[in-house]
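The values are calculated or read from the model by the stated rules, or taken from the named source; none is laboratory data. Everything quoted here is computed from the prediction, not taken from an experiment. As a convention, Cβ positions derive from the backbone with ideal geometry for all residues, glycine included, and neighbour counts pool all protein chains shown. What goes into the accessible areas is simple: the full protein's heavy atoms, side chains included, and nothing from ligands, DNA or RNA. Shrake-Rupley method; radii C 1.70, N 1.55, O 1.52, S 1.80 Å.
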Amino acid sequence: MKLLMDADCLIKLTKSKLKELVCKNFSVAIPQLVKEEITYNAHEHLDAVIISENIENKLITLNTMPFPSKKGEDAIFSIFQQGGYDAICSDDKRFIRRLRILSIPYITPAVFIALLLKKKRLTIKEAQEKLDCLSSFVSDEEYNVIKALLENWGK
């Protein structure tokens, strides 16, 4: 599955220690603008350093197409419109609203836990641990939906 990811989603996956697992199981790309958003003042943020290393090591693909916009979401939207990607990954409510209106498939950070569980890349116990790590970074609604899914997994 080829995915485009915004800064918000990528940072949350990094903080919750899910990013490497996600990037190893899905083809993740970010536009140059998203890289710039994340790595601005990188020396002050460990997440930015880790993400920069992931780009250098080709765990995350960098799309270097130039865009006149100054916003990563606009670049992501434009790249997606050109084709070749299956979904957009974001946790930005305003951006997700736009994606819903346009019927563009999207994945939020906690949904990756369910996808990895379905692919058998996580056990139910690991999935619960990852959700706990992610809990302070996602909405209560997203947390509760995935928690309920995990509680009912295999029943």
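One line per residue, one yes/no per condition, for (1) open to solvent by less than 50 Å² (accessible area, probe 1.4 Å); (2) closer than 17 Å to Asp91 by Cβ; (3) assigned to a helix (DSSP H, G or I); (4) at pLDDT 95 or above:
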{"site": "Cys9", "(1), (2), (3), (4)": "yes, yes, yes, no"}
{"site": "Lys12", "(1), (2), (3), (4)": "yes, yes, yes, no"}
{"site": "Val22", "(1), (2), (3), (4)": "yes, yes, yes, yes"}
{"site": "Ile30", "(1), (2), (3), (4)": "yes, yes, no, no"}
{"site": "Val34", "(1), (2), (3), (4)": "yes, yes, yes, no"}
{"site": "Ile51", "(1), (2), (3), (4)": "yes, yes, yes, no"}
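Looking at Leu13, is it touching a Cys at 6+ places or on another chain (Cβ under 7 Å) and closer than 27 Å to Ser135 by Cβ?
In short, no.
The helices (runs of 4 or more DSSP H) found entirely in the stretch 57-155 that carry 3 or more residues being within 19 Å of Leu18 (Cα to Cα) are 111-118, 124-134, 140-151.
The set of residues from the stretch 84-107 being of a type in the set (Ser, Thr, Tyr) and in contact with a Lys or Arg (Cβ under 6 Å, 6 or more places away or on another chain) comprises just one member, Tyr85. On the stretch given as the stretch 118-134, residues that are farther than 22 Å from Ile96 by Cβ and either of a type in the set (Ser, Thr, Tyr) or touching a helix residue (DSSP H, G or I) at 6+ places or on another chain (Cβ under 9 Å) (or both) total 8.
Among the residues making up the stretch 115-155, those that are under 19 Å from Asp8 (Cα atoms) and among the small types (Gly, Ala, Ser) are Ser135, Ser136, Ser139.
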